[in-house]
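Remarks on the structure that follows.
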Amino acid sequence: MNTLDTLHSALGSLRANKLRSALTALGIIIGVAAVITMLAVGEGARERVSEQLKSLGSNLMLVLPGTITSSGVRLGSGSRNTLTQNDAAAIQEEVAGVLAAAPALRGSGQLVAGNLNWASQIYGITPEYMIARDWRILRGRGLDENDLRTAAKVALVGQTVADMLYGGSDPTGQTLRVKHVPFTIVGLLASKGQSFGGQDLDDVVLIPISTARGRILGQAQGRLQTVGQISVKMRDGADMQQAEEQVSALLRQRHRIQPGQDSDFFIRNLSEVVEAEQAASRTLSGLLAAVASVSLLVGGIGIMNIMLVSVTERTREIGIRLAVGARQRDILIQFLAEAVILSLFGALAGIALGVGGAHLLGHLADWNIIVQPLSIGLSVFFAAGIGIFFGWYPARKAARMSPMDALRYE
Amino acid sequence: MASPLIRVEDLGRDYRLGDVNVTALTGVSLEIQAGDFVSVMGPSGSGKSTFMNLIGCLDRATTGRYWLNGEDVTRLSPDQLAGLRNRHLGFVFQNFNLLPRATALENVELPMLYAGVPPAERHRRAREQLERVGLGERMAHYPRQLSGGQQQRVAVARALVNRPPMILADEPTGALDTRTSQELMALFQALNDSGITLVLVTHEHDIARYGKRILTFRDGRRVADQPVADRILAGTEPAAAP
Ligand SMILES: Nc1ncnc2c1ncn2[C@@H]1O[C@H](COP(=O)(O)OP(=O)(O)OP(=O)(O)O)[C@@H](O)[C@H]1O
Ligand SMILES: [Mg+2]
């Protein structure tokens, strides 16, 4: 019996029991839909995470002025400015493998250009910041030592600021009022997109840290030159754990903190944030994988069950086929084909449902969803495997019938 | 002389039902030559169907040997037996045994499906056989849309389509009225005249007399084997009694 005849006959008998066939395929439909959704969510999260890692800058840790204990009351981060520009210089000098240790002041404020205004994040930085945070210049120039020394009123703006205040036209050379102080824009930053929390990373203005002190970000012109944060970028392949310990040890020593006492700063490894996010999407994927495998198993058993019923119901048909010369293989293939077509049909419906479901989920939960062609191929392959695996026993039972017994069956 | 088409020696078939051994057939030895038309008679339960199933390679003997066309089939595998049934045997059953979801044409094509005949030739040959049995107008009909006599003709066309040398019919007229039975027997005689060997089980002497030879079974044994003295030839039947 050739392939076409086999297909024709298998489709014929499935069509004779449409509702039963559809219900039988339901398990597979749900299973495949869950697999597709799972992979789409997983892949979407994975890609988002790796993009995020890129935008955050990998090998990056953030040193923040930290909890200090004052009369037994622990105050939050930034409650006292304990970090200084000299701390940053010391990290750069003394910790091995540091690519850039960039101090920064951070605040927000109103920007005005012409008759437009916009509230944005304002960072007082040194040139190292560009390296530490992977900022690239799209137009114009970056900040240099000269700007720093002279506390020049020059600024770099992010894409969002440029769009909001200059309508997308080239902002370099334009005047920007930052908290009423006029600055000249010398450079436009290349876009970074969004952060995890959906925060717009391009909504920034970068100015020299020396300029930022005093009026702009309201820092006291202290002798210690306190800073709001230090971004520490390590060289590729550096051991972040070890680097974190070294930075911590150095700062504790510099701040004269006794062993056993809490640090007056803390260090956040940004990849930890990413890992937490990754773990969440892994949990969801795991859940879906469990649903998928249970559903596929149940679907497979359903197919086996219905095929067994079908073999019994069609005993006489099997007898007739055997009588006119069907070999065992012909009968086996006929019933296997039905099981496989059933599960492939389930797979196709499941793919449609899964792709639709994944997009809906992505839309509702605002997740990144990526349906890979591979996952579709995989589902089809898997479903065919289930059809063969669970169809085998009923098909073999049919094929091994004695022609006479089958013909006499009532 | 050429070897007989069928030769059985001491053929027997036992069924085990729990502890009881039922002997359905025992010690049957006989030969059937190509071109013969054999009627098998005997009371119910005498082993006629058992005998037919054995020579039709649908069942295996528990004792004895069987040569089909000179070949010892006793030890052939299920698939080899399937091949024999496909090429050398045609079956006609009392209850027609057509596939209910297939048209007359598709039913007749079925044996060719397993013989690997390409589709175009399959159609042509199935059509040819249906025309031969007088059903040229009914090819697209499903079995339930056909009368008993027509269904049995479809079964005959199916039995003929792979051009087997022999046709086995187990009570083919059992579900048909007298007229339809006579028509079917006329068809069988015509087939026999064209060289096809026929073995036919029947309860009715008037049907058995269409054949050339009558085998009689009783209690699983063949008790008589006689030529038909007063053979009925198709078209010469006495009109049905009022
Ligand atoms: N599958 C079976 N299992 C057990 N016993 C069987 C089986 N098939 C047939 N027999 C027994 O074998 C004997 C012969 O049966 P068989 O069907 O050959 O009779 P038959 O001559 O064809 O009868 P009928 O004219 O009623 O069709 C009977 O006693 C029957 O009960
Ligand atoms: Mg019988």
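For A:Leu99, the residues whose modelled amide H falls within less than 5 Å of its own, excluding neighbours fewer than 5 places apart on the same chain, are A:Lys233, A:Met234, A:Arg235.
R0 = 25 Å: FRET efficiency of A:Thr150 with A:Thr175, Cβ-based, nearest 0.05? Between A:Thr150 and A:Thr175 the formula returns 0.90. Between A:Glu245 and A:Leu308, the modelled labels are 6.0 nm apart [label points 7 Å from Cα along Cα→Cβ]. Here the Kirkwood formula, the inverse mean of 1/r across different C-alpha pairs, assigns chain B a hydrodynamic radius of 18.5 Å.
In nm, what is the difference between 0.36 nm times the number of residues separating A:Asn368 and A:Leu64 and their Cα-Cα distance?
106.4 nm
Largest GNM mean-square fluctuation across B:Gly18, B:Gly35, B:Gly220, computed for chain B with C-alpha springs under 10 Å, falls on B:Gly18.
3J(HN,Hα) along region B:64-78, derived from phi through the Karplus expression 6.51 cos²θ - 1.76 cosθ + 1.60 where θ = phi - 60°, amounts to x, 10, 9, 10, 10, 6, x, 9, 6, 9, 4, 10, 6, 6, x Hz, with x in place of Gly and Pro.
Among the trypsin sites (Lys or Arg not before Pro) found in region A:352-410, those both in a DSSP coil and sparsely packed, with 12 or fewer other Cβ atoms within 10 Å of their Cβ, are A:Arg400. Between amide H atoms placed 1.01 Å from N, distances below 5 Å from A:Ile137 occur with A:Ala190, all of them 5 or more places distant or on a separate chain. Summing +1 for each Lys or Arg and -1 for each Asp or Glu among the other residues whose beta-carbon sits under 15 angstrom from that of B:Asn97 gives +3. Within region A:232-304, the trypsin sites (Lys or Arg not before Pro) that combine a DSSP coil assignment with at most 10 other C-beta atoms in a 10 angstrom radius are A:Arg256.
What are the semi-axes of the equivalent ellipsoid for region A:67-263, taken as the square roots of 5 times the Cα gyration tensor eigenvalues, largest first, in whole Å?
Values: eigenvalues 197, 72, 49 Å².
Working through the eigenvalues yields semi-axes of 31, 19, 16 Å.
Each residue of region A:281-290 was assigned a 3J(HN,Hα) from its phi angle through the Karplus curve 6.51 cos²θ - 1.76 cosθ + 1.60 (θ = phi - 60°); the sequence is 6, 5, 4, 5, 4, x, 4, 5, 5, 5 Hz, with glycine and proline shown as x.
Counting only protein heavy atoms and a probe of 1.4 Å, the accessible surface of the protein assembly as shown is 54% carbon and sulfur.
A Gaussian network model of chain B, with springs between Cα atoms under 10 Å, assigns the largest mean-square fluctuation among B:Asp170, B:Asp36, B:Asp19 to B:Asp19.
Per residue, region A:90-196 exposes 45 Å² of accessible surface when a 1.4 Å probe is rolled over the protein heavy atoms with every protein chain present. With protein chains left intact and a 1.4 Å probe, residues in chain B average 45 Å² of accessible area per residue. With a Förster radius of 30 Å applied to the C-beta separation of A:Ala96 and A:Ala276, the computed FRET efficiency comes to 0.60. In region B:139-162, burial by the other protein chains removes 10 Å² or more of 1.4 Å probe accessible surface, compared with the chain on its own, from B:Arg158. Between A:Ala352 and A:Leu26, full extension at 0.36 nm per residue minus the direct alpha carbon distance yields a gain of 116.1 nm. Summarising the label geometry, the points placed 7 Å from Cα in the beta-carbon direction at A:Asn115 and A:Ser293 lie 6.6 nm from one another.
For the chain pair B and A, buried accessible area totals roughly 2100 Å², probe 1.4 Å, rounded to the nearest 100.
For chain A, averaging the sequence separation of C-alpha pairs within contact (under 8 Å, six or more residues apart) and dividing by the residue count gives a relative contact order of 29 percent. For region A:315-347, a drop of 40 Å² or more in accessible area on going from the chain alone to the assembled protein chains (1.4 Å probe) is found at A:Arg316, A:Ile320, A:Arg321, A:Ala323, A:Val324, A:Gly325, A:Arg327, A:Gln328.
Skip the ligands, DNA and RNA, and give the accessible area per residue of region A:244-391 with a 1.4 Å probe, whole Å². Please list the in-between numbers first.
Numbers: 7350 Å² over 148 residues.
Using a 1.4 Å probe on heavy atoms only, each residue of region A:244-391 averages 50 Å².
Remark: region B:54-61, residue by residue, has Karplus-estimated 3J(HN,Hα) of 5, 6, x, 6, 8, 9, 10, 6 Hz, where x stands for each Gly or Pro and the curve is 6.51 cos²θ - 1.76 cosθ + 1.60 at θ = phi - 60°. For the set B:Tyr114, A:Tyr409, solvent exposure ranked by accessible area (probe 1.4 Å, protein chains only) runs largest to smallest as A:Tyr409, B:Tyr114. Does the protein assembly as shown classify as rounded, prolate or oblate by the C-alpha gyration tensor (a ≥ b ≥ c root eigenvalues; a/c under 1.5 gives rounded; else a/b over b/c gives prolate, otherwise oblate)? It is prolate, given that a/c is not under 1.5 and a/b is the larger ratio.
Residues of region B:91-107 whose accessible area, computed with a 1.4 Å probe over protein heavy atoms, drops by at least 30 Å² once all protein chains are present relative to their chain alone are B:Asn97, B:Leu99, B:Arg101. For the options B:Leu160, B:Leu113, B:Leu105, a Gaussian network treatment of chain B with springs between C-alpha atoms closer than 10 Å singles out B:Leu113 as fluctuating the most. Take A:Thr184 and A:Ile131, extend 7 Å from each Cα along the Cα→Cβ direction, and tell me the distance between the two endpoints in nm. Simple spin-label model gives 2.7 nm for this pair.
The values are calculated or read from the model by the stated rules, or taken from the named source; none is laboratory data. Nothing here was measured: the structure is a model prediction, and the numbers come from that model. In this analysis, Cβ positions are derived from the backbone assuming ideal geometry, glycine residues included, and neighbour counts consider all displayed protein chains. For the accessible areas, the whole protein counts, side chains as well, though only heavy atoms, and no ligand, DNA or RNA atoms are used. Shrake-Rupley method; radii C 1.70, N 1.55, O 1.52, S 1.80 Å.
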